[in-house]
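Step one of this worksheet: look at the structure below.
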Amino acid sequence: MTSLREMLENVLRDLKSAGDIEASAIVSRDGLLIAADISQNVNAEAFAAMTATMLGAAETATSELGKGIPDRVIVEGKSGKIIATGAGSKALLVVMTNPKANLGLVLLELGKASEKVKELLGG
Amino acid sequence: MRVGIPVLDDVLGSLPKGKTLTYYIDPEVEGDVFAMQTLYTNLEEGYRCAYVTSTMSPSSVRNRFREFGWELNDFPGFSMVDAYSGFVGSVSEERYVVKDPSNPSELDEVIKRAIRENDLVVIGAFSAMIDLCGEDFIRVAENWTREASNAGSRLVLSFVAWPYGDDVLEKVKDMSNAVVTVGGVHHRVVLGYYYGLLKADWADVNGIAVLFRLVRPGGVRAYIPKILVTGPFNAGKSSFVHAVSNKAVSVDRLGTTVALDHGHVEFKGFSIDIFGTPGQERFDPLLKVLGKEALGVILVVDSANPETFPRAKQMLEATTRFGLPYVIAANKQDLPNALSPEEIRKRMALPENIPIVPIVAKDGKGVYDVLEALLRLLIGGKYDKS
Ligand SMILES: Nc1nc2c(ncn2[C@@H]2O[C@H](COP(=O)(O)OP(=O)(O)OP(=O)(O)O)[C@@H](O)[C@H]2O)c(=O)[nH]1
Ligand SMILES: [Mg+2]
């Protein structure tokens, strides 16, 4: 029997095997780390808290403008991108890509993965 | 003698002579560390302790302890009961050796001797013995509990609850004076591990449950995934989070927090993640995001600035709506016009039983007293002895 944690970790592993994605995490909407595939020397808990605040702030900002909820937040930098997207009402999914990543492809994979996470966590 | 596990030490008081304690472990969880920690804690206290290995070589056992920063060779009071080397035909240099580990009566003999000659005997893998010798072996182990009780020693069993028959599982619990369960939890979004006290015949306790994580080095730490630090603009929340944390980050711009502070602290057997909020009202929508799933709240106020108290009260009400425990950190006590905790209690109309701790966050004074006061509420409330 596989535990929920293992199933979530499998989703992250599949994401990485699709290429271009260097690290990923599933984070509760309120900033707690649920599962991660991140190298040991990153402070994963702080990263999780920041990501949740980032997406939460973006959602508040756009809904203040009457534009509804954004699909995702993309942070672009020279050494790669960070993309955070909702995964149901309880969690969000965040990935870090390498600088040459094919954004279209990554977003496609991310969309599929976020659906799986949403299902696993019950909506 | 103590069990050496956070919170359990508080509720159990001690591990008295003659008692048998079983760690009853869900197969999904890395639970062998509990019995190891009990053993190591008492080695450090100067007790004679023996560890029975039947699934790993003595050197693998020593390495497993080293993963958590525990060096067994440093303690003359330590001895190994080697019920492993005999299997693989290697020579053992340990104090106690079971030459033929598949022979229940020899195993029984050697373990009883270890019980008589030590203050504590830990069976590292009791379930593996049952696997090897059959379910009737429980009756042999029942004799060990009697031996411990007669000799005034103590026995700790590490038992992985594989799907044995219900009668086996019940017998293991029945023969123990105390049972600590170790398992996994899925509570809303918290995927984690917990331990709980199922019974203890020398302490008056009702079902406690504590989240934990394993720290290397360090061992079992009670885990508090979120404590919220809130309070008015400029009260010293960020200063508090940085002063109390082993490491912390803040998203501050132009001297004020625009997103959050995040800190991690290892304190008295607890592993705690701390979330600090912004103070200015325009960031209040973020408070809702940050406040969810918190286990406790620390309200920081500027003691020299009573005009901010109404705002402080409002933030307190917003974050503790569901009856979360909270304490007040009366900051900036170094300022000449700082109000005393009792004066603050009066002005904010706070109940008598709410701790108000005087601190100077910028110098780190008193910050751990705040944490301690909150932990006491968390333990006292949830893990009540009565
Ligand atoms: N005198 C004195 N000043 C303090 C103390 N603690 C913090 N301060 C000062 O108070 C100011 C605000 O401190 P912060 O820790 O940024 O306060 P904050 O509550 O995080 O502020 P916001 O995030 O903007 O709401 C800084 O100038 C600190 O140096 C203290 O104990 N005594
Ligand atoms: Mg601040």
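The values are calculated or read from the model by the stated rules, or taken from the named source; none is laboratory data. Just so it is clear, the model here is predicted, and its values are computed rather than measured. Cβ: placed from backbone, ideal geometry, glycine included. Neighbour counts: every protein chain shown. For accessibility, only protein heavy atoms count, side chains too; no ligands or nucleic acids. Shrake-Rupley method; radii C 1.70, N 1.55, O 1.52, S 1.80 Å.
Some notes on this structure:
- Region B:85-130: equivalent-ellipsoid semi-axes (sqrt of 5 x gyration tensor eigenvalues, Cα, Å): 17, 14, 10
- Of B:VAL88, B:VAL357, B:VAL244, the one that fluctuates the most in a GNM where chain B has Cα springs shorter than 10 Å: B:VAL88
- Using a cutoff of 8 angstrom between alpha carbon atoms and counting only pairs six or more residues apart, the relative contact order for chain B works out to 15 percent.
- Chain B, dipole about Cα centre (Lys/Arg Cβ +1, Asp/Glu Cβ -1), debye to the nearest 20: 1260 debye
- C-alpha center-to-center spacing [region B:83-136, region A:1-54] in angstrom: 42 Å
- Buried area at the A-B interface (accessible, heavy atoms, 1.4 Å probe, summed, Å²): 1900 Å²
- Per-residue ellipticity at 222 nm, computed for chain B from helices alone with -39500 (n - 2.57) per DSSP H run of at least four residues, works out to -9500 deg cm²/dmol.
- Within the accessible area of the protein assembly as shown (1.4 Å probe), percent carbon and sulfur: 50 percent
- Pairwise centroid distance, computed over Cα atoms, of region B:199-246 with region B:1-76, Å: 22 Å
- Region A:4-121: projected area of the alpha-carbon convex hull, averaged over directions, in nm²: 7.0 nm²
- Where region B:75-199 is the region considered: accessible area per residue in Å², 1.4 Å probe: 43 Å²
- Residues of type aspartates and glutamates that B:LYS99 reaches as a straight line, Cα spacing below 20 Å, ignoring anything fewer than 8 places off in the same chain: B:ASP82, B:ASP108, B:GLU109, B:GLU117, B:ASP131
- The convex hull of the Cα atoms of region B:79-162, projected and averaged over all directions, covers 5.2 nm².
- Within region A:4-121: Cβ-based charge dipole about Cα centre, in debye rounded to nearest 20 (Lys, Arg +1; Asp, Glu -1): 120 debye
- The aspartates and glutamates within cross-link reach of A:LYS112, meaning a Cα-to-Cα straight distance under 15 Å and a gap of 8 or more places when in the same chain, are A:GLU9, A:ASP14, A:ASP71.
- Region B:99-168, dipole about Cα centre (Lys/Arg Cβ +1, Asp/Glu Cβ -1), debye to the nearest 20: 320 debye
- Top positive-direction residue, dipole computed over region B:14-59 with Cβ charges, set B:TYR24, B:LEU43, B:SER54: B:LEU43
- Choice from B:SER59, B:SER79, B:SER340 with maximal GNM fluctuation in chain B (Cα, 10 Å cutoff): B:SER59
- When the other protein chains are added to the chain by itself, burial of at least 10 square angstrom of heavy-atom accessible area (probe 1.4 Å, ligands and nucleic acids ignored) affects these residues of region B:283-316: B:PRO285, B:LEU286, B:VAL289, B:LEU290, B:LYS292, B:GLU293.
- The residues of region A:7-35 listed by number as losing at least 40 Å² of accessible area in the complex, against the isolated chain and with a 1.4 Å probe, are A:ASP30, A:LEU32, A:ILE34.
- Put simply, the convex hull of the Cα atoms in the protein assembly as shown casts, on average, a shadow of 27.5 nm².
- What region A:4-121 shows is 48 Å² of accessible area per residue, with the surface traced by a 1.4 Å probe over protein heavy atoms.
- Of the cross-linked pairs A:LYS78/A:LYS100; A:LYS116/B:LYS292; B:LYS247/B:LYS362; A:LYS81/A:LYS118, those separated by over 19 Å at the C-alpha level are A:LYS116/B:LYS292; A:LYS81/A:LYS118.
- Aspartates and glutamates whose Cα lies under 12 Å from that of B:LYS237, excluding same-chain neighbours fewer than 8 positions away: B:ASP252, B:ASP261, B:ASP302
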